[in-house]
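These notes are about the structure you will find just below.
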Amino acid sequence: MGLDLSHFPKNPDFSTAKCPSCGALTNTPHFMLKILSKSSSYSIDEINEKLVCPICQYENAFLYCDNKIDDYTLENVYQIATGLSQLKDTCNPSIKNINKTPLVSLLELLTMSSKFIHICTYSFDIPMLFILKTVSIKIPVVLIFNEKVNNSWLLEEISRSNKEDKNLSIYQVPRDHQKLIVIDGLIAIKGSQNFTSRAWRNLEDNKEIADFESDVTKVRELNNSFFASTIKEWREINDKPYSPYPF
């Protein structure tokens, strides 16, 4: 099954900016910010408006270079596209003779990420946690979950992970049962499945429903509506100031 690449950035200099405070994504490219900052045709207020995060209102959120995703290459894009295409095929019960399972295809796709991974889920399990610990060696990973955890082993692993893994952040936010995975700001995976090995294996038997998005504009909208807004809510609940965040 092919993947529509028309929504993916074709120019290697394309930049998606990411808010350091809530993880919101914007299509304001880095080179446009440079032009805005040097152009006399824009007022200070107009420039500042483009730099403020639309979700958490963090000022100058998209100004600093380390928050830019500005070095995509076609190799990055096609790798993610290929991984998503394989995942879609394994989740389609009408396609037979697939040697991979949805779970394996998901794990391969996660390891292909080169920028970041944002996850919203009701619950997750130990096997998936260790996958994230491995992936976070090279990129930032943030997982938000809702479920009240009574498993002492999982609670200990969450605590250890937040201390041991610099690039892995796990937060509990009481909210709706939303499920979303955003990879590199290029694709989003949504559906009924939690971030557990059992749920992803259930896709093989058509017991869960997964949906996929590769229109980067819609990916940003999903990320901002479900992930970034939840991080904002977590900050408000825990009285955490809006400041640069380990994304």
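Annotations for the structure displayed:
- Scanning the stretch 46-101 for residues that are crowded, with 20+ Cβ neighbours inside 10 Å, at pLDDT below 60 and either of a type in the set (S, T, N, Q) or part of a helix (DSSP H, G or I) (or both) turns up just one, ASN67.
- Pairs linking a residue in the stretch 223-247 that is under 20 Å from ILE117 (Cβ atoms) and small (Gly, Ala, Ser) to a residue that is modelled with pLDDT of 80 or more and assigned to a loop (DSSP other than H, G, I, E, B), with Cβ atoms under 7 Å and 6 or more positions apart or on different chains, are ALA228/CYS19; ALA228/CYS22; ALA228/GLY23; ALA228/ALA24; ALA228/ILE55; SER229/ILE55.
- Evaluated against (1) farther than 24 Å from ALA210 by Cα; (2) surrounded by 17 or more Cβ atoms within 10 Å (Cβ to Cβ); (3) of a type in the set (Val, Ile, Thr), VAL182 falls short on exactly one condition, (1).
- Failed item, numbered, when LYS138 is tested on (1) in contact with a Phe, Trp or Tyr (Cβ under 7 Å, 6 or more places away or on another chain); (2) surrounded by fewer than 20 Cβ atoms within 10 Å (Cβ to Cβ); (3) not aliphatic (A, V, I, L, M): (1)
- Tallying residues that are within 30 Å of ALA24 (Cβ to Cβ) and free of Cβ contacts under 8 Å to residues at least 24 places away in the same chain within the stretch 188-209 yields 6.
- Scanning the stretch 188-207 finds one or more residues that are farther than 16 Å from ASP125 by Cβ, crowded, with 19+ Cβ neighbours inside 10 Å, modelled with pLDDT of 80 or more and in contact with a helix residue (DSSP H, G or I) (Cβ under 8 Å, 6 or more places away or on another chain).
- Here TRP153 clears all of (1) in contact (Cβ under 8 Å) with a residue 24 or more places away in the chain; (2) crowded, with 18+ Cβ neighbours inside 10 Å except the condition numbered (2).
- Screening the stretch 154-185 for residues that are in contact with a Ser or Thr (Cβ under 7 Å, 6 or more places away or on another chain) and modelled with pLDDT of 85 or more and picking the one that is farthest from TYR78 (Cα to Cα) gives ILE170.
The values are calculated or read from the model by the stated rules, or taken from the named source; none is laboratory data. Just so it is clear, the structure is predicted and the values come from calculations on it, not from any experiment. Note that we place each Cβ from the backbone using ideal geometry, even for glycine, and neighbour counts take in every protein chain shown.
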